[in-house]
Amino acid sequence: MKEKIKDSELMEKIISLCKRRGFVYPSSEIYGGFAGVYDYGHYGILLKENIKNAWLRDMVQLREDVFGLDSAIFMHPKTWIASGHVGGFQDPQVDCKQCKARFRADHILEGFGVVADKMPLDFLNTELDKLRALGKLVCSNCGSKDLTSARAFSLMVKSNLGSPVDALTEENVTYLRPETCGGIYLEYKNTLDSLHPKLPFGIAQVGKAFRNEIAARQFIFRTREFEQMEMQYFHAPTETKKLYEMWQNTRWQWYLEYGIPVEKLRWYKHEKLAHYASEAYDIEYSFGFFGNSFKEVEGIHARGDWDLSQHAKFSGQTLDYFDEETKQRFIPHILETSVGLGRLFLMFLDQAYTEDGEGDDKRVFLKLNPRLAPVKVAVFPLLKNKPNLVAKAREIFSALRQEFVCEFDDNGNVGKRYRRQDEIGTPYCVTVDFDTVEKDDMVTVRDRDTGAQERIAVKELVSYLKTKLT
Ligand code: ATP
């Protein structure tokens, strides 16, 4: 039975497990750390790759209307002027004058139930002043009431690529991309000219994005360097409503398919839309990590023809589409699905983290969907000092690793080896014992979630595991 874990404990437990078992490390730790940046270790990259591949499978491999892309992080400086990011991609910053801690004004206000997402500075400052007058505006770090008003803080991360620092002007600053979709808009024309798709079609990509986040204090939920998985779906404006619903449904089902219970998901409708947008919903997940509060994992937005129109205007290129059937020429409209890979990583860990048993029997296991688990199978010889058991286990391990990510472990007793694999979410453990080598050429396969054990013939093992793991 799942033990009740106090919310405050879950955050500590997940962060500690991530570091202890090589999933996620704080960046630059030997130099005292580097805020808002994390490194992924061995099991971290395996889990991350599996999540990414699960997304690519559903978004590209299983579709005929979506194509892949890997655009560069650096793009022409005009890209971000055209998109409105230069000068416009800002968050409202509030500072504590005592301890210098920084906060986002909208997040402070949301803590008091005020809907403040994407609201203008005037509105935020009026609301902050109301709290100040009531003595409720307090620094959550040091308790001081001496907080500044909100001011705009640019999230754009500058580089000096190609330009000497002293020759940088607003026109030639090369930014590290704040979102991956910028590259998709710029490759719309090449995709059209090379692959000749008909509308509607999408372009999907996974890649790094960089934002100078004001307060990146929530482990990998909000970081300054992160990966996004974004898809832009180009279509005729008359189709927006129908296609928007299709993408909402497609993305919602993806979460259910990979083991997120429906009661932990909800839609959040944005009331305050960008001037060009016609619809914006987020998929939110209830993070035990954050005291069961619902937080955004993915955004699904109807962006109109804003992006291509802006890039057409700033580049001087024609970015329209000629519809052979209707004989009409127009700039395609765009639907976007945008999700953070690190945020999904945290969501899946949050959902999977399980404890059961008491005292010496207590165990921690990650109940990850087998398709996402970093290691699929672990192989053990019952005893380390019996060469025939070790040789047979090694032989099985060599065969299985051709098919799955596998581990070999002969350290400590079998119970301890189970515990180690449970903690990293390995769905199946295979043990070679005396009967395997002396009698029946069968092994014991133990299931992570139920602890149930089955005897399986070695020659059946690959197909047995394949069925279980897919
Ligand atoms: P927020 O309101 O949380 O700052 P946002 O609405 O600005 O996020 P988008 O620009 O819509 O986020 O980005 C799309 C997705 O990218 C988000 O749903 C999230 O999963 C991910 N994401 C955005 N910023 C970060 C970040 N700093 N760290 C990790 N993931 C992020």
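Given in Å, the Rg to one decimal and the Dmax to the nearest whole number for the Cα atoms of the chain are 25.7, 81. Of the GluC sites (Glu not before Pro) found in region 370-470, the ones in coil according to DSSP and having at most 15 other Cβ atoms within 10 Å of their Cβ are GLU403.
Ranked by the mean number of other Cβ atoms within 10 Å of their residues, highest first, the peptides 154-162, 370-378, 35-43 come out as 370-378, 35-43, 154-162.
Globularity index of region 37-135 is 1.64 (Cα radius of gyration / 2.2 N^0.38 Å, N = number of residues). Once C-alpha pairs closer than 8 Å and six or more residues apart are averaged by separation and normalised to the residue number of region 370-470, the relative contact order reads 30 percent. Computed log10 I(q)/I(0) for region 258-346 at 0.12 Å⁻¹: -0.54, from the Debye equation with unit scatterers placed on every C-alpha and solvent omitted.
Judged by a Cβ-Cβ distance under 4.7 Å, the unpaired cysteines of the chain are CYS18, CYS181, CYS406, CYS429. Here region 410-470 and region 182-214 have alpha carbon centers that stand 44 Å from each other. Size descriptors for region 90-154: radius of gyration and Dmax over Cα atoms are 10.6, 30 Å. Tell me which lysines have Cα within less than 19 Å of LYS13's Cα, excluding those fewer than 8 residues away on the same chain? Once the sequence-local lysines are set aside, what remains near LYS13 is LYS2, LYS4, LYS362, LYS367. Each peptide among 335-346, 127-138 gets the average number of other Cβ atoms lying within 10 Å of its residues, and from highest to lowest they stand as 335-346, 127-138. Among residues other than ASP95 with Cβ under 12 Å from its Cβ, the summed charge is +4 (Lys and Arg +1, Asp and Glu -1). For region 375-469, the pair-distance distribution built from all alpha carbon pairs, in bins 10 Å wide starting at 0, is 18, 57, 25, 0 percent. Can you give the calculated 222 nm mean residue ellipticity of the chain, where each DSSP H run of n ≥ 4 adds -39,500 (n - 2.57) and the sum is split over every residue, rounded to the nearest 500 deg cm²/dmol? Per the formula, -9000 deg cm²/dmol.
For region 136-280, the equivalent ellipsoid derived from the alpha-carbon gyration tensor has semi-axes of 32, 27, 16 Å in decreasing order.
Cross-link reach is defined here as a Cα-Cα straight distance under 24 Å, omitting same-chain residues fewer than 8 places apart; for LYS97 the lysines meeting it are LYS130, LYS136, LYS145.
Taking a straight line from the alpha carbon of LYS118, these lysines sit under 17 Å away, with near neighbours fewer than eight places off in the same chain left out: LYS269, LYS272, LYS295.
Where a number appears in this text, it was derived from the coordinates with a stated rule and is not lab data. Only a predicted model underlies this, so the values are computations on that prediction, with no experimental measurement involved. Please note: Cβ atoms are built from the backbone with ideal geometry, for glycine as well, and neighbour counts cover all protein chains shown.
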